[in-house]
Amino acid sequence: MTEKSRFQLSRRRLLGQAAGAALATPFLARMSFAASDTIRIGNILDMTGPIGPGGQAVAPGMELAVKHLNDKGGVLGRQIELVNYDTQSNMQLYTQYAQQLALKDKVDVVFGGLTSASREAIRPIFDRFKMLYFYNVLYEGGVCDRNTFCTGTTPAQTVLPLVEDTAKRFGKKVYIIAADYNYGHITAKWMQNGVLDNGGEVVGTDFFPLDVTNFSSAIARIQAANPDYVLAALVGANHLGFYRQWEAAGLLAKIPLASSNFGVNSEIITLEPQTTNGIVAAGGYFDSIDTPESNAFLEEVTPMLPPSTACTEITVSSYEAMMLYAQALEKAGTTDRMKVIEALESGLEFVGPSGKVTLDPKTHHTVRSAFIAEAKDGKWDIQKRLSDVAPADTAAVCDLIANPKTNKQFVVDTKM
């Protein structure tokens, strides 16, 4: 069986379990290895439901990293085994499967969570059971926990550069729309902070629960406020409705849109070009980056992605997280949690699809490249690259070297 068909088989089995009553047991991605001979990695993601497109973008990055490591003989002479759970966009399943990974499956580390709400549901569980945890998607910043490593971008790396750029492009009057949970609320604060720093004003802010699909009243409010442009931090499949309704109202050509997370869930190929053209986005990766590392990664991962799913920042940051973890295992010479944490805190670097990624020992976040791009005919036109951008928002409140017992998510002070 080819590696591609093996991956497709694992995905079919995983989705098949999700359709069942309870997903009582995980699908083990490398069934042929005895547990004692493998390094077991828990992978807990929404593969189905409204948040499912995000999980479907993440999973191939994880699978490809495992393939690359196992093809080279594994790590510490042992093969890598993924233990996958689909949480089906259900927060109760996150806590259920997190406990199962820690107590029954006894994995060596857990990767996963797509939303900040899911992360904060499972992070205390992994702290309690002393289970190392990686959160690998962009988020609002502020997590400071020696047991947790965050490899996605934070607002200091994407939101603030985006607002600085769009203030020059579009003007000073801004309307903010965001998802109605902690990611959206805190990101909106950072957006407002950036607008104020650039001499602008926020003329309105709206928050939408993840199940909202009708945005007509919000669109009317935006029109009445008459902003120079809109900053968006919308999340999930249902929120795609905003972009379709915005374009249908004839507003895309009149009031520009910018976002710090647009494209992460494959919006660039899910939506028609006439719905996305001109939208400006910031992120830690876009699939139009033309480097040897990005091109090689795309050649391998693209056939592994489901239909209508793009390789995005969360695909790449999950791959890069796995490779950093593997480096830490080799450096530590063991899977022992504290020794691996100390290795991860040694300033590890990996050059991957997004460029050089460095783990910051003080914050457990990554220093990485950030990009500003514009949607043009279903593709991303890279317009600016920023190298070695630090997670300055989290660094302002978190120093795990000086204060290793810190364990909280800081809501970073802004001007709101």
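The values are calculated or read from the model by the stated rules, or taken from the named source; none is laboratory data. Note that this is a predicted model, so its numbers are computed, not measured. So basically every Cβ, Gly included, is an ideal-geometry build from the backbone, and we count neighbours across all protein chains shown. Areas reflect the complete protein model, heavy atoms only, side chains present, ligands, DNA and RNA absent. Shrake-Rupley method; radii C 1.70, N 1.55, O 1.52, S 1.80 Å.
List of remarks:
- Label of the coordinate-derived value, volume of the Cα convex hull per residue in Å³, listed as (1) 185; (2) 149; (3) 125: (3)
- Computed from Cα atoms, the angle from the helix 116-128 axis to the main principal axis of the chain rounds to 30 degrees.
- Based on protein heavy atoms only, segment 362-416 ends up with 52 Å² per residue of surface accessible to a 1.4 Å probe.
- Share of carbon and sulfur in the accessible heavy-atom surface of segment 300-416 [1.4 Å probe, %]: 50
- The modelled label-to-label distance between residue 386 and residue 217, using points 7 Å beyond Cα along the C-beta direction, is 3.6 nm.
- When the chain is treated as a Gaussian network with alpha carbon springs shorter than 10 Å, the biggest mean-square fluctuation among 172, 254, 362 belongs to 254.
- Segment 139-208-segment 74-118 distance, computed between alpha-carbon centres (Å): 29
- The listed residues 189, 379 rank as 379, 189 when sorted by accessible area, largest first, using a 1.4 Å probe.
- For the chain, the cysteines with no partner cysteine C-beta closer than 4.7 Å are 150, 311.
- When the residues 109, 203, 351 are ordered by accessible surface, computed with a 1.4 Å probe over the protein chains alone, the sequence from largest down reads 351, 203, 109.
- Gyration tensor verdict on segment 55-120 (Cα atoms; rounded if a/c is under 1.5, prolate if a/b is larger than b/c, oblate otherwise): oblate
- Expressed to the nearest 5 percent, the antiparallel share of DSSP beta bridges inside the chain is 40 percent.
- Between helix 292-301 and the chain: long-axis angle, C-alpha atoms, 0 to 90°, nearest 10: 70
- Solvent-accessible area, 1.4 Å probe, carbon plus sulfur percent, for segment 78-152: 50
- Carbon plus sulfur fraction of accessible area for segment 195-260, probe 1.4 Å, in percent: 48
- Against the chain, whose longest principal axis comes from its Cα atoms, helix 182-197 is set at around 50 degrees.
- In this structure segment 143-204 gives 27 Å² per residue of accessible area when probed at 1.4 Å with all protein chains present.
- With the whole protein complex present, residue 185 retains an accessible surface near 70 Å², based on a 1.4 Å probe.
- Euclidean distance between Cα centres, segment 215-234 to segment 300-330, Å: 34
- For residue 233, distant residues with modelled amide H under 5 Å away: 177, 178, 179
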